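For reference, the structure discussed in these notes is given below.
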Number of protein chains: 2
Amino acid sequence: MSPIRRLTDQYPTLATVAERAGVSRQTVSNALNNPELLREDTLQRVQAAIDELGYTPNRAARQLRTRSSHMIGLRFEPAQEGTSNALMDRFVHTLVETTAETGHHILLFSGAADDPLDGYDELLRATAVDAFVITDTYTGTAETELLRRVGAPFVTFGRPWDDPDAAHPWVDVDGARGACLATEHLVSVGHRRIAWLGWEETSRIGEDRRSGWEQSMADHGFDTRGLGVRTTDNVDAARMEAHKLLEDRTVTGFCCASDTLAIGVLHALHERGLRPGIDVGVVGFDDSLGAHVTWPGLTSVRQPLEQVARELVELVHSVLSHRPVEPLGRMLEPTLVVRRSTVPDAPRPGTIPRAASSAATRG
Amino acid sequence: MSPIRRLTDQYPTLATVAERAGVSRQTVSNALNNPELLREDTLQRVQAAIDELGYTPNRAARQLRTRSSHMIGLRFEPAQEGTSNALMDRFVHTLVETTAETGHHILLFSGAADDPLDGYDELLRATAVDAFVITDTYTGTAETELLRRVGAPFVTFGRPWDDPDAAHPWVDVDGARGACLATEHLVSVGHRRIAWLGWEETSRIGEDRRSGWEQSMADHGFDTRGLGVRTTDNVDAARMEAHKLLEDRTVTGFCCASDTLAIGVLHALHERGLRPGIDVGVVGFDDSLGAHVTWPGLTSVRQPLEQVARELVELVHSVLSHRPVEPLGRMLEPTLVVRRSTVPDAPRPGTIPRAASSAATRG
DNA sequence: ATGAAAGCGCTAACAT
DNA sequence: ATGTTAGCGCTTTCAT
């Protein structure tokens with residue numbers, strides 16, 4: 001239990017501790033950073049002084065000397081009305097916890113919405129961060145090119161889609177595999193005519209996911225003609241596309257690129273008096289809040305965001321310690337969360353849990 | 001346009017700029033921090049050198065000297081399975097953007113789940129943050145007491161419920177007013193027998209919201225006996241309570257403490273063949289993702305989280321510059337977002353938007 | 001209006 | 001195994 005100390009006091013410094021322990025400042029520093037250099041009894045004496053005084057090294061001083069801030073930068077995009085990083089949340093949580101294990105912190109920064117590079121350079125020049133975690137690789141390669149050019153350490157959530165020269169470590173989740181899991185699940189509960197409801201063709205991630213459905217269908221020898229539909233990621237757009245597809249009464253399965261689209265399908269089923277999970281099977285992608293609470297519960301592909309975060313942190317540490325990373329990329333497997341939109345007797349929908357923060361609780 | 005510079009080079013320092021501009025280091029420092037001290041032509045020469053070299057002051061050095069990190073700490077709670085700070089997201093976004101305007105950044109940290117104080121003290125001793133934003137005031141006053149005791153600057157999202165001695169600035173949203181809005185809305189569309197479905201009595205926020213419903217009902221002279229129910233914040237629990245309430249066929253309105261509870265009510269209506277917005281009106285609280293996408297769209301109380309964030313940042317600046325804050329607390333008004341669960345011809349449910357980050361998009 | 005000197009708290013390099 | 005010296009890049013104070 002460290003003693004209470006007011007901010008207006010000076011916090012203890014190395015010198016304070018050194019005097020208290022009757023050693024030099026350097027010895028205290030060594031006790032912290034190279035304890036194996038100290039004799040056992042000296043170490044204990046120093047440690048006692050540190051505890052008594054409640055000493056914690058001044059980050060600024062350490063950072064100035066070592067040129068390492070122990071900060072990892074994460075750009076938090078400007079919020080747009082209606083957007084939400086609900087999933088990001090699981091990811092960021094784990095990022096914060098994992099980096100904390102090595103005394104690192106996450107520094108959130110923003111940048112001009114129209115400039116993906118804004119913010120990075122300044123933090124580097126100010127030596128405010130040691131490395132970046134980038135989560136926007138699907139938008140293009142602008143950030144990664146910039147950071148490579150200036151030699152800044154970084155890792156990405158997302159494979160380098162369009163950049164064969166990329167040499168940075170990355171972690172990604174296999175979207176095609178996710179769609180494959182979804183399709184196989186629909187087949188296993190008896191569906192044969194399974195539609196794909198996905199994003200526009202310009203979405204790399206969307207096309208990747210779609211390829212999993214195509215592959216699965218082909219493996220079973222099922223015809224996909226007329227069953228693959230692309231639209232905007234919107235409940236109502238999906239609802240309307242679903243109505244069109246459902247005019248073909250043989251269509252009984254929907255594999256969707258997102259929970260939003262899947263929920264649109266559920267709306268269409270509702271309007272037609274079709275029973276989700278009984279008459280028609282629907283699978284979403286994200287395992288978002290909507291999948292948890294929507295009636296009657298939405299089966300969805302879930303990404304291992306926690307594992308993504310942990311592996312990214314591991315990669316950051318490798319990069320910072322100049323350890324070679326081999327292989328450069330790690331592809332993780334999504335899983336399927338089964339609910340009543342495909343299996344009638346699956347558990348009931350759960351909660352929008354009261355989050356740990358009051359902002360969520362009160363919301 | 002600043003020149004490209006590799007990390008392996010040294011970044012330019014004050015000395016570099018001074019040499020380039022033919023002045024002393026101090027003059028460059030003044031150009032940055034007290035430009036009014038310089039002669040116009042000197043200032044321009046220095047500014048030109050800064051631009052040419054792409055100079056940005058080293059944060060560590062500045063921080064060591066000024067004892068100000070320009071960091072604001074925000075504790076990000078450990079993630080628990082199934083929890084989500086979906087709403088936090090809007091809040092944090094705005095926090096990041098607003099603090100950026102004055103060159104501040106948000107530092108995310110974690111702490112042991114079982115110790116609300118963990119993490120704060122260490123950041124203070126390390127002089128890693130200038131101030132904290134606390135979002136957990138409903139859990140108790142442990143953090144605020146600690147920070148007050150050590151004299152650390154902080155502001156809170158949430159009024160100091162149990163702490164008459166609190167002297168810190170805060171911003172909160174009037175939950176009672178939100179429930180009042182919801183109740184009045186239900187009355188305005190013709191409901192008279194309006195039930196309250198809320199949290200357990202131990203929840204201060206829950207009781208505050210409930211009081212708004214009670215007040216509104218009383219103002220209209222409506223009887224609330226048997227209509228106020230408390231349960232856990234869970235879709236299924238709410239579904240079952242709703243069924244009980246709906247056995248009284250005169251009950252046609254539900255005012256809920258959360259979207260989760262409201263969605264549970266919608267499930268119950270569905271199971272009874274009752275039409276939301278036509279036979280029964282339902283209002284949630286949060287305007288969460290679930291409210292956006294759930295069928296047929298959920299009317300919900302929305303908190304001005306963006307404004308909360310902006311006001312908190314303003315308060316932080318006041319505290320840091322020792323400006324007196326008067327009044328200490330600011331209570332903001334929620335608004336009502338009307339959807340089809342109360343008004344049949346309201347706009348259709350929208351999207352779970354693809355967020356700006358790939359983590360969300362891919363999720 | 002500009003410059004010189006000192007020092008924030010730490011650690012790397014070297015000396016003992 | 002421990003101590004001494006120097007200096008990271010900046011701003012504050014004081015001198016010019």
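The values are calculated or read from the model by the stated rules, or taken from the named source; none is laboratory data. Every value quoted in this text rests on a predicted model; they were computed, and no experiment measured them. In this analysis, Cβ positions are derived from the backbone assuming ideal geometry, glycine residues included, and neighbour counts consider all displayed protein chains. Side chains included, ligands, DNA and RNA excluded: accessible areas come from the protein's heavy atoms. Shrake-Rupley method; radii C 1.70, N 1.55, O 1.52, S 1.80 Å.
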Just the accessible area per residue of the protein assembly as shown, please: how many Å² with a 1.4 Å probe? 40 Å²
Would you calculate a helix-derived [θ] at 222 nm for the protein assembly as shown, using -39,500 (n - 2.57) for each DSSP H run of n ≥ 4 and dividing by the full residue count, to the nearest 500? -12500 deg cm²/dmol
Using a label position 7 Å from Cα in the Cα→Cβ direction, what is the ascending list of nm distances from A:Arg192 to the same site in the other copies? 5.8
If you project the alpha carbons of the protein assembly as shown onto their three principal axes, what span does each projection cover, largest first, in Å? 79, 65, 61
Can you tally the net charge around A:Thr99? Count Lys and Arg as +1, Asp and Glu as -1, for every other residue whose Cβ sits under 11 Å from the Cβ of A:Thr99. -3
7 Å along Cα→Cβ, label-point gaps from B:Ser24 to other copies, nm, shortest first: 3.4
What angle do you read, to the nearest 10 degrees and between 0 and 90, between the alpha-carbon axis of helix B:259-272 and the longest principal axis of chain B? 30 degrees
Among GluC sites (Glu not before Pro) in the range B:188-231, those in a DSSP loop whose Cβ has at most 14 other Cβ atoms within 10 Å are B:Glu200, B:Glu201
Nearest 10 degrees, 0 to 90: helix B:40-53 Cα axis against chain B principal axis: 70 degrees
Is chain B rounded, prolate or oblate when judged by the Cα gyration tensor, a ≥ b ≥ c being the square roots of its eigenvalues, rounded requiring a/c under 1.5 and prolate requiring a/b larger than b/c? prolate
Teacher prompt: A:Ser211 distances to equivalent labels in other copies, 7 Å Cα→Cβ, nm: 5.9
Provide the buried accessible surface between chains A and B in square angstrom, both chains summed, 1.4 Å probe, rounded to the nearest 100. 9900 Å²
Under the 7 Å Cα-to-Cβ spin-label approximation, A:Glu200 and A:Leu332 lie apart by a distance in nanometres of 2.9 nm
Give the carbon-plus-sulfur fraction of the accessible surface of chain B in %, rounded to a whole number; probe 1.4 Å, heavy atoms of protein chains only. 49 percent
Per-selection metrics, the range A:26-165 (Cα): Rg and Dmax in Å: 19.3, 60
Peptide B:100-112: average number of partner chain Cβ atoms within 10 Å per residue? 5
